[in-house]
Amino acid sequence: MDATDRAIINSLQGGFPICERPYQAAAEQLGIGEDELLARLKHLLDDKILTRFGPMYQIERMGGAFSLAAMRVPEADFERVAAIVNAMPEVAHNYQRQHSLNMWFVLATETPDGIASAIAKIEAATGNRVINVPKEREYFVGARFVA
């Protein structure tokens, strides 16, 4: 990363313009062109310096719910279970971990009651118990870089 990449990351964590040309407005604030900003964001994502670039919604404020969930899946059955879990519309993303609870995923539902319903569907479809790990508190950890 160079100084411009660090400035992009520092700047865009604090907000993104809401206007007709938000990338152009963000680029102007950074003193670069819109095409350069888009190319740099693509590079940061392609090189896995950033894992995602997009809004973070407070789904609870819109009546929905998020929850972290985990399962203990036999290694021989992992791919089958992962395919079932990943096909569920409520599953936002799914990760394999080196732990006795080796499958972790995030559930996102339109209502708080949707979490229990999604867990019941996953348990019925996979034959595995789902452990619900709802958040108790939310933290924002910003990564700031010296430009």
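Of note:
- If you filter the stretch 49-91 down to residues that are among the β-branched types (Val, Ile, Thr) and without any contact (Cβ under 8 Å) to a residue 40 or more places away in the chain, you find that the one that is surrounded by the most Cβ atoms within 10 Å (Cβ to Cβ) is VAL91.
- Extreme residue, surrounded by the most Cβ atoms within 10 Å (Cβ to Cβ), among residues of the stretch 1-35 that are part of a helix (DSSP H, G or I) and β-branched (Val, Ile, Thr): ILE8
- Residue count for the stretch 3-51, restricted to those that are basic (Lys, Arg), within 14 Å of PHE145 (Cβ to Cβ) and modelled with pLDDT of 95 or more: 1
- Complete set of residues in the stretch 112-147 that are surrounded by 10 or more Cβ atoms within 10 Å (Cβ to Cβ), within 27 Å of THR51 (Cα to Cα) and of a type in the set (D, E, K, R): LYS135, ARG144
- Meets criteria (out of contact with any His (no Cβ under 6 Å at 6 or more places or on another chain) and modelled with pLDDT of 95 or more) for ILE122: yes
The values are calculated or read from the model by the stated rules, or taken from the named source; none is laboratory data. Here the structure is a predicted model, which is why all the values come from computation and not from measurement. Virtual Cβ from ideal backbone geometry, glycine too; neighbours counted across all protein chains shown.
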